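Working notes, beginning with the structure itself.
The values are calculated or read from the model by the stated rules, or taken from the named source; none is laboratory data. Quick caveat, the model's predicted, so the values are computed rather than measured. Here the Cβ positions follow ideal geometry from the backbone for every residue, glycine too, while neighbour counts run over all protein chains shown.
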Amino acid sequence: MNIQNKVAVVTGGASGLGEATVRNIVANGGKALIMDLNTERGNALVEELGNDKVNFIQTDVTNEGQVKDALAHAVSQFGSIHICVNCAGIGAGQKTVHKEGAHDLATFEKVIKINLIGTFNVLRLAAEIMQANDPNEDAERGVIINTASVAAFDGQVGQVAYSASKGGIVGMTLPIARDLSRSGIRCLTIAPGLFMTPLFQAAPPEVIESLEKQVPFPSRLGKPAEFGKLVQSIIENPMLNGEVIRLDGAIRMAPR
């Protein structure tokens, strides 16, 4: 699928990997709707990139009504939806049993609800709209790209909730691709390793240096723009479907 003149919805698009995705799509001639809770950052990106190319709607990805309204806005403003990139997510560090007792159930449920259920909520409603698109020369009507994590495979101590949520995204990738194949809609997942997102930007230099040494090559944190480039490659290559792609510099996370 050629990004030129295509419309993407990007959850978590106001910062980090999502922001890099929005910038890449706009740079390649596409348009984007940012779905995020960060109004200040979302509106700043619209002002910077232009409201003829980017719109922002404050959206809770777990709220069906808000997601439907945001997607309807994208269709109203830009004509349709061809690409859905799910980057919204949260983390939580807590052991299954720790000094104060068992893992807090509400925390586990919150991470699952936002990361896993929120991802599915957005993609299912976006796919419903995509199936009405005219097919291109490859019979494509849409592309869905979700964000998991290497934690889905190499979950560390204290990452049980986060790893479970990302493992769920990995597990649903192939059946979604199969479900949507008759509509010409592809579904893939990117599993990033250590990336320089807002989570790490405030970390002390010695912490960053320690993390970088864990990455075989290149021995540094990933750049959000590199995530955006992989999103672009997935969109443009019609044979990529139903797969989870690790983007991690060959890292395999240690237990701690």
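Within the range 66-80, is even one residue over 14 Å from Gly12 (Cβ atoms) and in contact with a Phe, Trp or Tyr (Cβ under 9 Å, 6 or more places away or on another chain)? Scanning the range 66-80 turns up no residue that is over 14 Å from Gly12 (Cβ atoms) and in contact with a Phe, Trp or Tyr (Cβ under 9 Å, 6 or more places away or on another chain). Every condition in (1) closer than 12 Å to Asn241 by Cα; (2) surrounded by fewer than 22 Cβ atoms within 10 Å (Cβ to Cβ) is met by Thr189 except one, and the failing one is (2).
Applying the set (1) modelled with pLDDT under 95; (2) closer than 28 Å to Asn237 by Cα; (3) not aromatic (Phe, Trp, Tyr) to Lys99 leaves exactly one unmet item: (2). Any chance the range 101-118 includes a residue that's farther than 28 Å from Gly228 by Cβ and touching a His at 6+ places or on another chain (Cβ under 8 Å)? No: zero hits. For the range 8-44, residues that are crowded, with 23+ Cβ neighbours inside 10 Å, hydrophobic (A, V, I, L, M, F, W, C) and not in a loop (DSSP other than H, G, I, E, B) total 11.
Inside the range 51-71, residues that are surrounded by fewer than 17 Cβ atoms within 10 Å (Cβ to Cβ), in a helix (DSSP H, G or I) and either touching a Ser or Thr at 6+ places or on another chain (Cβ under 7 Å) or touching a residue at least 24 places away in the same chain (Cβ under 8 Å) (or both) make up a count of 3.
Being at positive phi and in contact with a Gly (Cβ under 8 Å, 6 or more places away or on another chain) is the filter here; which residues of the range 240-255 pass it? Once the filter is applied, which keeps residues that are at positive phi and in contact with a Gly (Cβ under 8 Å, 6 or more places away or on another chain), the range 240-255 yields only Gly249.
Which residues, counting only those in the range 201-248, are touching a residue at least 12 places away in the same chain (Cβ under 8 Å), part of a loop (DSSP other than H, G, I, E, B) and either under 19 Å from Cys84 (Cβ atoms) or touching a Lys or Arg at 6+ places or on another chain (Cβ under 8 Å) (or both)? Of everything in the range 201-248, those that are touching a residue at least 12 places away in the same chain (Cβ under 8 Å), part of a loop (DSSP other than H, G, I, E, B) and either under 19 Å from Cys84 (Cβ atoms) or touching a Lys or Arg at 6+ places or on another chain (Cβ under 8 Å) (or both) turn out to be Ser219, Pro238, Leu240, Asn241, Gly242, Glu243.
Confirm whether Ser165 is in contact with a Leu (Cβ under 6 Å, 6 or more places away or on another chain), among the hydroxyl-bearing types (Ser, Thr, Tyr), in contact (Cβ under 8 Å) with a residue 24 or more places away in the chain and surrounded by 21 or more Cβ atoms within 10 Å (Cβ to Cβ).
So Ser165 passes the test.
Restricting attention to the range 206-238 and to residues that are farther than 30 Å from Glu137 by Cβ and of a type in the set (Ser, Thr, Tyr), the residue that is farthest from the chain's Cα centre (by Cα) turns out to be Ser210.
Looking only at the range 136-177, filter to residues that are part of a helix (DSSP H, G or I) and charged (D, E, K, R); which one of those is farthest from Lys113 (Cα to Cα)?
Asp154
Of all residues in the range 171-186, those that are in contact with a Lys or Arg (Cβ under 8 Å, 6 or more places away or on another chain) and not hydrophobic (A, V, I, L, M, F, W, C) total 2.
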